[in-house]
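Please read the structure below before turning to the comments.
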Amino acid sequence: MAGSALRRLMAEYKQLTLNPPEGIIAGPTNEENFFEWEALITGPEGTCFEGGVFPAKLTFPPDYPLSPPKMQFTCDIFHPNIYSDGRVCISILHAPGDDPMGYESSAERWSPVQSVEKILLSVVSMLAEPNDESGANVDAAKMWREDRSEFNKIAETLVRRTLGIPLRPYRAVMANRDQS
Amino acid sequence: MRFLGISFVSFLLTSIVVANAYYQKKQFYPSVVYITKSNPSMAVLYIQAFIGVWILGKLMRKIFFGQLRTTEFEHLMERSWYAITETCLAFTVFRDDFTPKFVALFTLLLFLKSFHWLAEDRVDYMERSPVISWLFHVRILSLLLLLGALDLHFILHAYQSTVTKGASVQLVFGFEYAVLITVVINIGIKYALHSVDLNSETPWDNKAVFLLYTELVMGLIKVILYVAFVVIMVRIYTLPLFAFRPMYYTIRNFKKAFSDVILSRRAIHNMNTLYPDATPEELQAADNVCIICREEMVTASKKLPCNHIFHTSCLRSWFQRQQTCPTCRLNILRTPTPPTNNNIPGAQANQVPNAFFNVFAAAGPNPFQFQNQPNAEVGANVAPPGPPPTTSGSAATAPPAGENLGNGAGQAPPQFMFPPFPFPMPFMVPPPPPPANLAALSEEELRQLEGNERHNVEARIQCLRNIQVLLDAAVQMMQQYSVATAQQQPPQRPPEANSTNSEAANGSTPPTNHPTSSQQPGTSASSSGDAGDSKKEPPIEITSATIVNGVSESLDENSTVTAEEELRRRRLQRFLQNEQQQPN
């Protein structure tokens, strides 16, 4: 009999394959190692990320589901709650006790009741509604608050880039912004 | 590819060096002597030896591990850098006997160490992969045997060398290999546990516990080894700086293992004593899937006070981290289960305070708001029993209660817990004598109030209870006075009496309200007991102004006023009159 973490991950994988939530695909990168997953998230409709397909990787700890996994986008993404290296900062991914931003109540933290599906759904809603109180990416949070049109422009560039339709390179947009 | 190129160049250089020596000297021994005398030739040979070790390492890795995973490789690199730095530090201690042999021994040590690390990672991987082939088992077993045999051999070698030749650098090697052999044993035990688990049909619940204890025992042995090593090194040579980083990590891991074991024991104890097993009917009625592991619950399930049901083993490993219900986050340590004594203060310190503090907050401004002040000061602040001799005493105690309500919410909440105590109607009973001032507190009493042990907490609670009794008594007394004044309107000073009456009507407790207000101590007792939201009905609603009025009236009634008090009473009344007139 395999370990409980492995069994639970296999159960979740099965569940996600049988009943995939809309706009989310997730599964182990390599079926020999169930503790490294890849996920594809489509940008929620009606937001500036609409139409984009954002790849991310999930890394599970050996004591999953007692500890939360880590999630990191593997594409360029500009969002108040995502660090510039792609790491996602939402409360559901934080174990009770550690509070990097110092604002979360324990009710929204990780618990074994959560699952990969819930994490990904939370990330989708995070894409739709950034929380600019907890600036993982302070630049993005500031722009989201003060210059929404510029933010939307960058988001659109990113969306096009994930789809392979270059409009303006992301770096160029950022460079322009820095100059102005 | 690059590596291939480097090794080819190195091999070419070695051949050139050897050929050159042989060409010049024509014979074997002279050419060997020539090479050892020539520094450039030796350098080439050293590089060749290093590359040879590298090739051997690659070969062994291919044999025992096959392809390395990315994380394994990253771990290996990270640890190698630390190990190399530490080796360089070790060279500084033994710079006197810095010989090629010495360097070779250290290289060998590093070489073997890296295989220990890889084996460790590989065994941990057993838990992560659903496909464990027989090749895996063969590889791990043979590798562990080989590493164990080599470690033992080097330990024996170091021991004999130390015994025969006295302390030397062999001490370091003996110690390093001793640490490595504990690593091998640790990996072996883990491997055995994982294999048993893999081959059993049903999930093996106690594996986690065995792993914990293995970790603890091995951690202890390692810590002892490191401490012994540092002590010996300090006595013979100098401070072994190179051993400090691993020693620090070993001690930290041991500490963690130790606290894990304690938490786990506590969780198991709580599980066994506090929560009932779920009955088959309950399992049928509920979803029947353990939300932690997402598997069906057939046997060994526990029901929490919030009616959520989980596997015993899942719940145990969760409680090791947190004492809350995974589903509803109910703090299971502070729910009213009879054997609260089972709770250990350390666990409560993290979990209890927030919710517990609500009890105090909800109970409204009752005497417990004094909790954040030093206890002795509270004792001194509270007026002694009996009719308050001056009104300023009670007026002074009232405002801090309100302030503390605000402060207390932001401050660290109290870290103790006691069952709802039955509150006696204290008014006929003589209240316990409180310490009148700081000087009256004996050393022993003060000591009792300090500290975090259970009896300290009890002593503090006792002190607070005394204060509450006194306050309730004072409130009762006030009410009696005001009843008396209401019944006998003093005919002597009609205008002033009117003014005070109207003032009292403006206050929160008009004199006609006595039946309800006399019940208030009772409600405060029950509210502090069951933590209901009795915020609307704070127990002490008499404002200082009404207290002043009531007391002054009653003092007037009894005609025991001294000249001073009479003077102050008039001043007060004048003040109140002014206050009333001002709005108009």
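Does B:Met233 satisfy the condition of being more than 14 Å from every other protein chain (Cβ to nearest Cβ), within 27 Å of the chain's Cα centre (by Cα), more than 26 Å from A:Met10 (Cβ to Cβ) and assigned to a helix (DSSP H, G or I)?
no
Within the stretch B:304-333, can you find the residues that are in a loop (DSSP other than H, G, I, E, B) and at the interface with chain A (Cβ under 10 Å from one of its Cβ atoms)?
Within the stretch B:304-333, B:His308, B:Gln320, B:Arg321, B:Gln322, B:Cys325, B:Pro326, B:Thr327, B:Cys328, B:Arg329 qualify.
Looking at B:Ile55, B:Ile16, B:Ile84, can you tell me which residue is touching a Ser or Thr at 6+ places or on another chain (Cβ under 9 Å) and either among the charged types (D, E, K, R) or part of a helix (DSSP H, G or I) (or both)?
Only one candidate passes the filter, namely B:Ile55.
Okay, residues lined up against (1) under 19 Å from A:Gln15 (Cβ atoms); (2) assigned to a loop (DSSP other than H, G, I, E, B):
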{"residue": "A:Glu36", "(1), (2)": "yes, no"}
{"residue": "A:Cys48", "(1), (2)": "no, yes"}
{"residue": "A:Leu58", "(1), (2)": "yes, no"}
{"residue": "A:Tyr64", "(1), (2)": "yes, yes"}
{"residue": "A:Pro68", "(1), (2)": "yes, yes"}
{"residue": "A:Cys75", "(1), (2)": "no, yes"}
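When only residues in the stretch A:1-11 that are outside any loop (DSSP other than H, G, I, E, B) and hydrophobic (A, V, I, L, M, F, W, C) count, which is nearest to the other protein chains (Cβ to nearest Cβ)?
Step by step, filter the stretch A:1-11, then rank; the result is A:Ala11.
What do you reckon, is B:Glu86 in contact (Cβ under 8 Å) with a residue 40 or more places away in the chain, touching a Pro at 6+ places or on another chain (Cβ under 8 Å) and among the charged types (D, E, K, R)?
Criteria met by B:Glu86.
Just a yes or no: is a residue in the stretch B:145-158 part of a loop (DSSP other than H, G, I, E, B) and either in contact with a His (Cβ under 9 Å, 6 or more places away or on another chain) or over 20 Å from B:Ser80 (Cβ atoms) (or both)?
There is no residue in the stretch B:145-158 that is part of a loop (DSSP other than H, G, I, E, B) and either in contact with a His (Cβ under 9 Å, 6 or more places away or on another chain) or over 20 Å from B:Ser80 (Cβ atoms) (or both).
So which residues in the stretch A:22-60 are of a type in the set (Gly, Ala, Ser) and either more than 14 Å from every other protein chain (Cβ to nearest Cβ) or buried (at least 21 other Cβ atoms within 10 Å of the Cβ) (or both)?
The answer is A:Gly23, A:Ala26, A:Ala39, A:Gly43, A:Gly46, A:Gly51, A:Gly52, A:Ala56.
Here is a check on your reading of the model: is A:Lys14 within 14 Å of chain B (Cβ to nearest Cβ) and assigned to a strand (DSSP E or B)?
It is false that A:Lys14 is within 14 Å of chain B (Cβ to nearest Cβ) and assigned to a strand (DSSP E or B).
Would the stretch B:185-204 turn up any residue that is closer than 24 Å to B:Val230 by Cβ, of a type in the set (Ser, Thr, Tyr), in a helix (DSSP H, G or I) and in the same structural domain as B:Phe73 (by the TED database)?
No, the stretch B:185-204 has no match at all.
Identify, from the list B:Arg245, B:Arg334, the residue that is more than 15 Å from A:Val113 (Cβ to Cβ), modelled with pLDDT under 85 and basic (Lys, Arg).
On inspection, the qualifying residue turns out to be B:Arg334.
For the stretch B:62-73, state whether one or more residues are in contact with a strand residue (DSSP E or B) (Cβ under 8 Å, 6 or more places away or on another chain), at pLDDT below 90 and outside any helix (DSSP H, G or I).
Looking for residues that are in contact with a strand residue (DSSP E or B) (Cβ under 8 Å, 6 or more places away or on another chain), at pLDDT below 90 and outside any helix (DSSP H, G or I), one finds at least one in the stretch B:62-73, hence yes.
Of the residues that sit in the stretch B:121-155 and are within 14 Å of another protein chain (Cβ to nearest Cβ) and acidic (Asp, Glu), which one is surrounded by the most Cβ atoms within 10 Å (Cβ to Cβ)?
This residue is B:Glu127.
I want to confirm something. Restricting to the stretch A:62-92 and keeping residues that are under 10 Å from the mean Cα position of the chain (by Cα) and within 30 Å of B:Ser313 (Cβ to Cβ), which single residue is nearest to the other protein chains (Cβ to nearest Cβ)?
By that ranking, first place goes to A:Lys70.
What do you reckon, is B:Gly166 buried (at least 19 other Cβ atoms within 10 Å of the Cβ) and in the same structural domain as B:Arg95 (by the TED database)?
Criteria not met by B:Gly166.
Which ones in the stretch B:107-120 are more than 14 Å from every other protein chain (Cβ to nearest Cβ) and either among the charged types (D, E, K, R) or under 13 Å from B:Val184 (Cα atoms) (or both)?
B:Leu112, B:Lys113, B:Ser114, B:Phe115, B:His116, B:Trp117, B:Leu118, B:Ala119
Taking the stated definitions as given, is A:Pro44 under 19 Å from the mean Cα position of the chain (by Cα) and free of Cβ contacts under 8 Å to residues at least 24 places away in the same chain?
no
Quick one: which residue in B:Gln476, B:Gln488, B:Gln468, B:Gln492 is at pLDDT 85 or above and surrounded by fewer than 19 Cβ atoms within 10 Å (Cβ to Cβ)?
B:Gln476
Report the residue count in the stretch B:288-303 for those that are within 13 Å of another protein chain (Cβ to nearest Cβ) and at negative phi.
Residues meeting the conditions: 7.
Across the stretch A:129-153, which residue is surrounded by the fewest Cβ atoms within 10 Å (Cβ to Cβ) among those that are among the small types (Gly, Ala, Ser) and modelled with pLDDT under 85?
This residue is A:Ser134.
Only one residue in B:Lys165, B:Lys190 is charged (D, E, K, R) and either within 31 Å of the chain's Cα centre (by Cα) or within 14 Å of another protein chain (Cβ to nearest Cβ) (or both), so which one is that?
Step by step, each of B:Lys165, B:Lys190 is checked, and only B:Lys190 is charged (D, E, K, R) and either within 31 Å of the chain's Cα centre (by Cα) or within 14 Å of another protein chain (Cβ to nearest Cβ) (or both).
The values are calculated or read from the model by the stated rules, or taken from the named source; none is laboratory data. Small disclaimer: the values here were computed from a predicted structure and weren't measured. With ideal geometry, Cβ positions are generated from the backbone for all residues, glycine too; neighbour counts draw on all protein chains shown.
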